[in-house]
Amino acid sequence: MPQVILHLLNYAQKINDLGLRGKGDRLLSLSNFQYLLKNPFYHGLIRYNGEFYEGKHEPLVTKKLFDTCQEVMVRNGKPRHYDGLRSFCLPGLCRCAECGCCITMETQKGHNYLRCTKRKGPCSQKYIREEAMTP
């Protein structure tokens, strides 16, 4: 686990021990703390109707520290899922002619393959390369 997340978990535990609670009097989760850390209020801005305004309050952290925190959270967060697949048709509209299950696409060894999900049971349809399907 990245060192930053361990520190965040330690702070989360300390804050929860102090009695700060979320909805339904539950302890705050890690995602709650990440949400709080993304709030520009802490470096002096107020968000109102989707726009930012300079606050009259004294910032709790510098803009530089706030930006560094944002960079660390992005860098150590969950990876963004992008596998290079082009969207094909509209998800859920392409169905297997044999069993009626959805058709999905995945990449293997640099090629995109379409296949039946076989969610309703056995299906004899095989994988087919995208190139064979597109004109």
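The values are calculated or read from the model by the stated rules, or taken from the named source; none is laboratory data. Small disclaimer: the values here were computed from a predicted structure and weren't measured. Positions of Cβ are backbone-derived with ideal geometry, glycine not excepted, and every protein chain shown enters the neighbour counts. Remember, those area values only see protein heavy atoms, side chains included, never the ligands or the DNA or RNA. Shrake-Rupley method; radii C 1.70, N 1.55, O 1.52, S 1.80 Å.
Identification of strands (runs of 3 or more DSSP E) wholly contained in segment 48-135 with 1 or more residues that are modelled with pLDDT under 85, surrounded by 11 or more Cβ atoms within 10 Å (Cβ to Cβ) and not small (Gly, Ala, Ser) yields 103-108, 111-116. When the test is whether a residue is surrounded by fewer than 12 Cβ atoms within 10 Å (Cβ to Cβ) and not in a helix (DSSP H, G or I), LYS14 does not pass it.
Looking across segment 35-47 at every residue that is part of a loop (DSSP other than H, G, I, E, B) and open to solvent by less than 60 Å² (accessible area, probe 1.4 Å), the one that is farthest from LYS63 (Cα to Cα) is identified as ASN39.
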